[in-house]
1. Taking R0 as 45 Å, what's the FRET efficiency between residue 129 and residue 182 from their Cβ-Cβ distance, rounded to 0.05?
2. What ³J(HN,Hα) values, in whole Hz, does the Karplus curve 6.51 cos²θ - 1.76 cosθ + 1.60 give for segment 931-946 when θ = phi - 60°, with x put for Gly and Pro?
3. Between residue 366 and residue 659, what is 0.36 nm times their sequence separation minus the Cα-Cα distance? Round to one decimal in nm.
4. Spin-label point model (7 Å from Cα, Cβ direction): what's the residue 154 to residue 861 distance in nm?
5. Suppose each label sits 7 Å from its Cα in the direction of the beta carbon; what would the residue 877-residue 117 distance come out to in nanometres?
6. Taking the mean number of other Cβ atoms within 10 Å as a proxy for protection, how do you rank 74-83, 778-787 from highest to lowest?
7. FRET efficiency for residue 47 and residue 211, Cβ-Cβ distance as r, R0 = 51 Å, nearest 0.05?
8. Given 0.36 nm per residue, what is the gain on full extension from residue 241 to residue 533 after removing their alpha carbon distance, in nm?
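Just so it is clear, none of the values below were taken in a lab; they were calculated from the coordinates. Not measured: the values here are computed from a predicted model. Cβ coordinates were reconstructed from backbone atoms using ideal geometry, including for glycine residues, and neighbour counts include every protein chain displayed.
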Amino acid sequence: MAILDTGLRLALTIIILLSSATSLEDTDCEQTYYVEIGTKGLIPCLCNGSSLALIAWVNVNEGKTLLLRHDDVKRGDGYESGEYDIYPNGSLVINNVTASHESVYRVSTAISPLHDRFSKNICVHTTVKPAITIPVVKECSNTYGTTCVKSTTDSVEVNCFVKDSRPAVKLSWTIRTHGGDHILPSNYRNFTTDNVTYTSHVTATFSFGESSVLSLLVCRSNSVPLNLVEDENVILIEKEMHYTSVANPVRRYLKIHSPMNLSCTDLGLNVVIWKWSPERDAFETLYVSIYQKSNYTKVSNREFKLKDEGSLSLQNTLVEHEGLYACVYDNGVGGGIVLYDVIVMVDPTPVFPVIDGCNHQQYCVLEKQPQDVLTCSVLGIRPKVALEWRAFREETDIDFTRHQFKETQRGDVYDISLTVNFDFTQTTQNKVTVECRAVGENAELFSLSTKVDLLFPNVLPTEQGSHTSTITIIAVVVIMMMIIIAAAVVIIFRIRARKLKLKLNKPGDTENEGIPMMENTNGKAERFIEHLKAKYEILYDSVQPIPYIKDRMYCVDDVFVEGGIEYMTHIYKKEAQWDKLSSYQELVKEKCLKTKRQILEGEPGYGKSTLTLQLLYDWCKSLSKTSLRGGDVMIYLRLRQLGGVQSILNAIRQFILPMDSDIIEEDIKEILNQMKTVLVLLDGFDEYPDQESTETDIYHIMKKKMFQGFNVILTTRPSCVPKDFAPHSDRVRLTGFGEEARRKYVEKAVVGKCGEAVDRIMRKLEENPVLNDLCQVPLFFVTFAHMTYEDEHSLTFNSVTSFVRYMISCFHSHMKNKMKDENVTNFELENEHKILDKIAFEALSGKNQKIVWNREQLLNQLGHEFYHQYLRIGIFVEEEVLTIEDTSNAQNHIQYNTEVHFYHKIFCEWYAAHYVAEQLSGGNTDCIDEFLQTLDPFDLQYLYRFACGLNKTAGEKIIQYLQQKKESKKFAILCMLELEDKSDRFLNSVSDLVSTEVTYIKEKYSKLLQRSTIQILDVASKNQCVSRSLGHTTGFTSLKQKYRLRFADVIIISEAGPEMSIAVTFVHYQGSAAAGRRRSGPTSTLNYRPPQSA
């Protein structure tokens, strides 16, 4: 009976629901939902379905019951056909949405069959998201980023559409101004071809006002559900015009390497376009900036920056940045154009006209005939100037004729000369002063002038001036007689006074009386040179290949081996062209010192300082083989010591001369000026604390404002080549140790001529490719060679970090063994160096790196035991320097102080890297940009590489940081290879690097970077970082195809033997690769053995 009652109740309920479902009396919707065609659609019930006994869903438009659920049992045609389903919470599921599902649905619910039902209507709309989700503007002449630009002379029709959307998108055009948007009369329509999707289209016609030059039109999409289409798209309409006809250019002269800042307007900005015409004809767009509320869009294709107020800036102006700059601006009401004509200035070298015969001096005396020739030149100037010869005094009667003007272009600068014939007809004078000066349009930019006294030895005064000459001769004779008489009287009186004093003295009195005599300047010069050589002998006789073996000092000549040396011949297509030097002795020859200023660059550890010590040795020994034979003086200064020392004369007195020397700064200046040839060696510009100062003598020397006739060689890392000096200096670079140089060093400094021992060391090197690459750096190879000779065990390293870690541990182990003999027990400070880590980091991260410390200050910071251990090991090096206090009685305040520095800057980077790794190994990466921004990766490459190798977490963060910056993306390869544990994050970084952009292996890269790039490709190959559909990597062709590998310049590829080893040889061509001549032989070879197929 109970079962029958329940069945009856259920039947009655179903009948009630069905009758209500077919009723169409109330179709107003309480809720609206959107479902996307082709997906599973959900229509929420918004009811507690689990507590309801009955739920029914009805399509009101069709008057059809879709499904119902009673006590968790689902039934109905919609459910049984699979078209619909119902979730436990009562929501209706459309398994595959189509356009037919757009309707009004009613959901009815009841707690039990005996309770009242509750119903509500829900409107459901179907949608289709268009393929292009932004309104499309047709009339684009150019596109900058996402900004469409159209140029027109007067009016233009603009069209905007959205294709294949559901529902249709309502579109309209507006004009955006600084005060807001204004409606532009538009024609809107939409249509459909399949009754499912719609194409919407809007058209408008726009015309410029009288004062407008730019207008921003906005195509807006209105009332779009679910953000199917973005709100708007813009088109920038630019009025075509000839800029030079509507605006007069403002001429701006900028010195090369100085900042450029061009302002636009003070009006409220809506749109700004900056354009540039390098040839002063066609303009190219630099920036398109659309200011919208507080944000603005910047689009640039060059290294310029746009400031918030619309001005254009450039940090480092080069000659290539010359040209016309146009700022086209508009605020939606009116606009205009600001035009600049930028001309880049390059000061000549030297900074005055050069007179033939004057040896690059700004004033000199020349012997000439009354009728002769004069030539004046200005070298390396931009823009061009005209030259003029004239008499310095207007009353001088001299004629200049046959003016021969010559102009030669050298790259971006000009050599200009003027040769004239002169006729000096006024024969009453045998000397006349003439001047060569710059004249014409650009003369006021430089103020160039050189004066010369012309002597005419064969010209004698004529009768015309005999009366005046006679009077002059008589006057001279009278004056001479008076001087002789006065001198005789003084001598007589002094002799009588001395005799009187001798009579008064007692017989044993030894008081020394006499006329003081001036010391011979030549005597001081000889002592000065002796002091120099004594100081230099200490330096070049104290070379330590392994710093912890202090009882094994070498003379530099016993260990010096030449690596690769190249000098820059010229610049071709903005790339420096280099040629090899046969010997380091050519550094001081004319070929490498044309400008008398040379920059010698080399990576860390490449032997720059060792090379300068060899030059010191050659000069001191006056060896016949050296080019310095006959050189008068060589000045050698380590720039890391010159922090706060502005005067080079003070530096020589303080760091070279002995404490008890009586030679003062004035003497040094006088001695140097008397010398015929002086070579100044300035070692370590990258370590110079005052490298940004323009007030020091070092700056003035390199700018040729001081010591113009001296030869100067400045050493530095490539990343720290001073931009102010480089364009006017000769460039030389060290390229490291090749195989021949390594073998020669082992024979010369390690094992002697023992061929078997040499081969054993070289074999160990070849057994480890990574170590073989590292040992192209002379510092690493020297350390490796000596350690390998002492240790018979085979050494294997996978990164520079592991090599340096081993090297540091050898330092400590050697000292531990030595201290055992001395019965010293507590010696466990190898891993406790956090204080030193922070000190090293702060020294390298400052604006001006200062890696020299006062001994007492460093000792107090580190502690006595720690400091002396690192000193004994050889990581620290002490050096005594003379300190002269700046007081009126300086001679009483002269004393020696002890300064401390690392054995090499790489060791400073090693300990600073520990601090970086520790800081970045935590979870907080929000401030990584701020933390690393003062650490230039190209100056401190080893710091970054060490930090990556010391800690995997820190390494991955650093690599991610480097890959975000275009200029350091390639450097990230070297850091990747320091991670010995190849994590998924590492492999993802490798995959991104090799698959998202072209991988270059350029000739200018070091061999280490070339090989590192190949190793990255090898890692990518072994770990299947790219889809297999691109092919295997057992041959070079597929490797090229898979990784989009390109080699710069011209390459020759050969596949040798079944092992598919590939030799890639770079070849230089003079001119273009197609039309040029091949220069003798390959310049570098890279061998790569691809991974073998499984």
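1. Numbers: r = 31 Å, r/R0 = 0.68.
Result of the calculation: an efficiency of 0.90.
2. Result, rounded to whole Hz: 5, 9, 5, 8, 9, 6, x, 7, 8, 10, 4, 6, 4, 5, 5, 4.
3. 101.1 nm
4. For residue 154 paired with residue 861, the spin-label model returns 7.5 nm.
5. Placing both labels 7 Å along Cα→Cβ, they lie 9.7 nm apart.
6. Numbers: 74-83: 14.6, 778-787: 22.1.
Descending mean neighbour count gives 778-787, 74-83.
7. E(calc), rounded to 0.05, equals 0.20.
8. Full-extension gain reported as 98.0 nm.
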